[in-house]
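Trainee: My questions all concern the structure below.
The values are calculated or read from the model by the stated rules, or taken from the named source; none is laboratory data. Owing to the predicted nature of the structure, the values given are computational and were not obtained by experimental measurement. Every residue, glycine as well, gets a Cβ built from its backbone with ideal geometry; the counts of neighbours run over all protein chains shown. These accessible areas exclude ligands, DNA and RNA; they are computed on the full protein's heavy atoms, side chains included. Shrake-Rupley method; radii C 1.70, N 1.55, O 1.52, S 1.80 Å.
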Amino acid sequence: MLLNFREVSGLRGHEGRGIRPGMIFRGGAVIDPASAGLVKNHRVTTVYDLRNRREEAERPSALRGLGLRHPVRHHDIDLAAPIRMVREGTARAEGNRTAMLAIYGEFHKTFQSTFEAVFADLLTSEGPIYIHCAVGKDRTGAMVALLLSALGVGHEAINDDYLLSNDAYPDIAASVRLRHPHLSAMDNPALRPILQVETAYLDAFLASIGSPETYLRQRIGLDEAAFAALRRRFLD
């Protein structure tokens, strides 16, 4: 099964140009060969795996044996604190929501080197891409939001794409329970803020960087030539 998998398409970017079909895909980790084959069928050439080393070791990507590029090195950033709190029986829904808002508010710092690595590679490679993390909603959501911002997609459209992860809520909940079998049923109110996405989460990330364009220019190092190159690659 492809977890939370979708093509990012149908959006308008710089000068009203549409995102080129079949170029940007996003989702969760791909750990079985059948699902890996489905990704490859989309002609994906480069995979940006945003998970940490422990996640990759516990659930190795089935995409790595298909000859696809994996240019981003794994990191040691741990985002599992809310899950551990649920396991320990100390969490409440509002507390987990606050924790998620704080995590998103720190993405611009904790993942800046990862964002830099992805954009540097995007500027020197070609072909369709697959951006993923464990379930394809938080780290992937932030990275895709930055990419769409670089392409000139508007805030509302970026939010709409981000919120589509909620359509995969049952599959995401099942995936998390598979990795954390001690967790209670997926209708546990304390779990919902962790397993779903909210506009407020992405807003916390975007508020932390001020203007996405300014962040991309000043922190990620994109210049006019870089913006133009990304738009040539991904826009019609």
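Trainee: Can you tell me which residue in segment 30-64 is modelled with the lowest pLDDT, limited to those that are small (Gly, Ala, Ser) and within 21 Å of Phe111 (Cβ to Cβ)?
Mentor: Ranking the candidates gives Ala57 first.
Trainee: Against the conditions (1) surrounded by fewer than 19 Cβ atoms within 10 Å (Cβ to Cβ); (2) touching a residue at least 40 places away in the same chain (Cβ under 8 Å), where does Thr214 fall short? Just the number, please.
Mentor: Evaluating Thr214 over (1) surrounded by fewer than 19 Cβ atoms within 10 Å (Cβ to Cβ); (2) touching a residue at least 40 places away in the same chain (Cβ under 8 Å) leaves (2) as the failure.
Trainee: Using the structure shown, decide if Tyr104 is aromatic (Phe, Trp, Tyr), open to solvent by less than 20 Å² (accessible area, probe 1.4 Å) and either part of a loop (DSSP other than H, G, I, E, B) or touching a strand residue (DSSP E or B) at 6+ places or on another chain (Cβ under 8 Å) (or both).
Mentor: Against the criterion (aromatic (Phe, Trp, Tyr), open to solvent by less than 20 Å² (accessible area, probe 1.4 Å) and either part of a loop (DSSP other than H, G, I, E, B) or touching a strand residue (DSSP E or B) at 6+ places or on another chain (Cβ under 8 Å) (or both)), Tyr104 does not qualify.
Trainee: Do you know which of the residues in segment 3-15 that are part of a loop (DSSP other than H, G, I, E, B) and surrounded by fewer than 20 Cβ atoms within 10 Å (Cβ to Cβ) is modelled with the highest pLDDT?
Mentor: Checking each candidate, the answer is Leu11.
Trainee: Separate question: When both residues are 6+ apart or on different chains and their Cβ atoms are under 7 Å apart, which pairs have a first residue that lies in segment 136-150 and is more than 15 Å from Gln112 (Cα to Cα), and a second that is of a type in the set (Lys, Arg)?
Mentor: Qualifying pairs under 7 Å: Gly136/Arg26.
Trainee: Could you please tell me which pairs satisfy a Cβ distance under 6 Å, a separation of 6+ or placement on different chains, a first residue in segment 16-45 that is open to solvent by 40 Å² or more (accessible area, probe 1.4 Å), and a second residue that is polar (S, T, N, Q)?
Mentor: Once the first residue is open to solvent by 40 Å² or more (accessible area, probe 1.4 Å) and sits in segment 16-45, its partners that are polar (S, T, N, Q) give Pro21/Ser9.
Trainee: Out of all the residues in segment 50-73, is one or more assigned to a loop (DSSP other than H, G, I, E, B), of a type in the set (D, E, K, R) and touching a Phe, Trp or Tyr at 6+ places or on another chain (Cβ under 9 Å)?
Mentor: The answer is no, given that none of the residues of segment 50-73 is assigned to a loop (DSSP other than H, G, I, E, B), of a type in the set (D, E, K, R) and touching a Phe, Trp or Tyr at 6+ places or on another chain (Cβ under 9 Å).
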